[in-house]
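These notes are about the structure you will find just below.
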Amino acid sequence: MYNKVDASLNFVEREKQVLKFWEENDIFQKSMDSRKEGETYTFYDGPPTANGKPHIGHVETRAIKDMIPRYQTMKGKFVPRKAGWDTHGLPVELEVEKLLGLNGKEQIEEYGMEPFIKQCKESVWKYKGMWEDFSGTVGFWADMDNPYITYDDNFIESEWWALKTIWDKKLLYKGFKIVPYCPRCGTPLSAQEVAQGYKTVKERSAIARFKIKGEDAYFLAWTTTPWTLPSNLALCVNPVETYIRVKAADGYTYILAEALADKVLGKLAKEEGEKAYEVLESYKGTDLEYKEYEPLFECAGVAAEKQHKKAHFVTCDDYVTMSDGTGIVHIAPAFGEDDAKVGRKYDLPFVQFVNGKGELTEETPYAGQFVKDADPNVLKDLDAKGQLFEAPKFEHEYPHCWRCDTPLIYYARESWFIKMTEVKDDLIKNNNTVNWIPDSIGKGRFGDWLENVQDWGISRNRYWGTPLNIWECPDCGKQISIGSRKELAELSGRPEAEKSSFTVHTSTRLHVHVLIVRAQ
């Protein structure tokens, strides 16, 4: 048997009555006061950003975050629950850019750092009241009168303490790394952010003819990013695969992977039964190592000469596969993680003909063109010079910035990293102690991520964020990490720094973090 629900009941009104009862009788506080002698179970809310409206997805997360502390309370534990606000970051900057009619970092700097940061500080509270009403309506209990706030000096100081602790363990370092980079926002993105912005796109790739030095023959190499070809410094083959030299039906002599020759050259046969190519010689990939070829673009050759480093020769690496392309990969170390690895292995020069806005630099024939816009022009020029074998269309998933929808580029940036790879074994060991429900999440998705963990890029070349607590001498390069305002005051010889507030901005030219200390 079951009881029928009275159809006249107004559930919305009943919720409001319950909420009013909780507030008038301070039920949340009483639930904690009555259990002060119990075991403490502390909960800090993973903070939302108050300059965006709550949506249906937040209902689920608020409900789950309330359910677990409430369950622990029912078990007799003392459960203080600290609400929080995430006030820093690029989403806030983008909101302020729209408000002020600005577009990009140059216009922000023209507007002025101080007034821009002031606007950011005001913007983060735009929907605070809506969030508080929403949280009450869904029955979320937390101390929202005394929240932690990420732009608060005390919170920033706690981050400094954590970063200094990591520094002292030699797990914080500055380096160049290929990162997913948004040229519109002017900042790298984390792997989680990249995963939010994939789109299916149709583009033209390039199979280019690279003339072998001293021979009337060409390497055929494939790339999905024609705009990187002006930065080409090497070619890469698989060391154990078989490569062949062929006389093709178009009159050229080519070297490419045996496994892909039919796919690449087959269309050259003009009539049915005609051979598209004749095999002249075969090699293992290692036989081709260090074989030289002529640069596709003069600018890359000039850059290599200036750095007094050898370039434009064949390298070997087992990341080259026979699944697509020609079995020969074009290498531009500034624009791909595998390329960078090969570049380090063979001590290739570092050439980066793309600026922070995602535009080709003046060294190239495409100065000022956005990388994706330059693709058709690169293909056109290669074709005119007889260096383009084919420009096949292909469909693939390409990452776009989840904030502004700009195509990302993989780009060498100076960034600060936490050396997660150093503590990988500890991460995996600790994960194995967690009671995951369902078990497949911990062993599968999350476990697989830990097995392939990469060093964590934590710095952002932006304006509204926590200042990085590293000071570097411009003359000798010595670096120190400061873990508190007290330490800052002692080292700077300025006692007032201990009671200072922090404002941060980043120089887009120097790529260094600048800390401005103001006495209150």
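A few points about this structure:
- Count - residues of region 209-229 that are buried (at least 19 other Cβ atoms within 10 Å of the Cβ) and within 22 Å of Tyr411 (Cα to Cα): 8
- Glu95 at pLDDT below 90 and crowded, with 17+ Cβ neighbours inside 10 Å: yes
- Residue within region 220-235 that is at positive phi and of a type outside the set (A, V, I, L, M) present: no
- Once region 310-331 is narrowed to residues that are closer than 14 Å to Ala234 by Cα and surrounded by fewer than 19 Cβ atoms within 10 Å (Cβ to Cβ), the residue that is nearest to the chain's Cα centre (by Cα) is Asp317.
- Residue in region 198-226 that is farthest from Cys182 (Cα to Cα), counting only those that are modelled with pLDDT under 95 and aromatic (Phe, Trp, Tyr): Trp222
- In region 8-16, the condition of being surrounded by 14 or more Cβ atoms within 10 Å (Cβ to Cβ) and not in a strand (DSSP E or B) is met by at least one residue.
- Consider region 27-44 and keep the residues that are part of a loop (DSSP other than H, G, I, E, B) and within 16 Å of Lys82 (Cβ to Cβ). The one that is farthest from the chain's Cα centre (by Cα) is Tyr41.
- From the list Gln352, Gln307, the lone residue that is surrounded by fewer than 19 Cβ atoms within 10 Å (Cβ to Cβ), closer than 19 Å to Tyr410 by Cα and not charged (D, E, K, R) is Gln352.
- A single entry from Gly447, Gly356 fulfils the requirement of being touching a Ser or Thr at 6+ places or on another chain (Cβ under 8 Å) and of a type in the set (Gly, Ala, Ser): Gly356.
- Residue check, Gly457 modelled with pLDDT under 90, small (Gly, Ala, Ser) and surrounded by 16 or more Cβ atoms within 10 Å (Cβ to Cβ): yes
- Subset of region 253-293 (residues that are assigned to a strand (DSSP E or B) and over 20 Å from Pro392 (Cβ atoms)): Thr253, Glu278, Val279, Leu280, Glu281, Ser282, Tyr283, Lys284, Glu292, Tyr293
- The residues of region 411-427 that are modelled with pLDDT of 90 or more and not in a helix (DSSP H, G or I), listed by number, are Ile418, Lys419.
- Selection over region 116-150 of residues that are among the hydrophobic types (A, V, I, L, M, F, W, C) and without any contact (Cβ under 8 Å) to a residue 12 or more places away in the chain gives a count of 0.
- Within the option set Pro333, Pro376, Pro349, being within 30 Å of Asp262 (Cβ to Cβ) and of a type outside the set (S, T, N, Q) holds for one residue only, Pro376.
- Considering residues of region 249-307 that are hydroxyl-bearing (Ser, Thr, Tyr) and within 37 Å of the chain's Cα centre (by Cα) only, the residue nearest to Asp383 (Cα to Cα): Tyr293
- Scope region 446-489; condition aromatic (Phe, Trp, Tyr) and assigned to a helix (DSSP H, G or I); matching residues: Phe446, Trp449
- Pairing residues of region 431-448 that are in contact (Cβ under 8 Å) with a residue 12 or more places away in the chain with residues that are of a type in the set (A, V, I, L, M), at Cβ distances under 9 Å and at least 6 apart in sequence or on separate chains, gives Asn431/Leu450; Phe446/Val434; Gly447/Ile428; Gly447/Ile441.
- Residues that are under 21 Å from Ala83 (Cα atoms) and within 44 Å of the chain's Cα centre (by Cα) within region 1-26 comprise Leu19, Trp22, Glu23, listed in sequence order.
- Boolean, Tyr181 is in contact (Cβ under 8 Å) with a residue 40 or more places away in the chain, hydroxyl-bearing (Ser, Thr, Tyr) and within 19 Å of Gln352 (Cα to Cα): yes
- Residue match in region 106-117 (condition: in a loop (DSSP other than H, G, I, E, B), at pLDDT below 95, under 30 Å from Pro183 (Cβ atoms) and not aromatic (Phe, Trp, Tyr)): yes
The values are calculated or read from the model by the stated rules, or taken from the named source; none is laboratory data. Owing to the predicted nature of the structure, the values given are computational and were not obtained by experimental measurement. Every residue, glycine among them, receives a Cβ derived from its backbone with ideal geometry; neighbour counts consider all protein chains shown.
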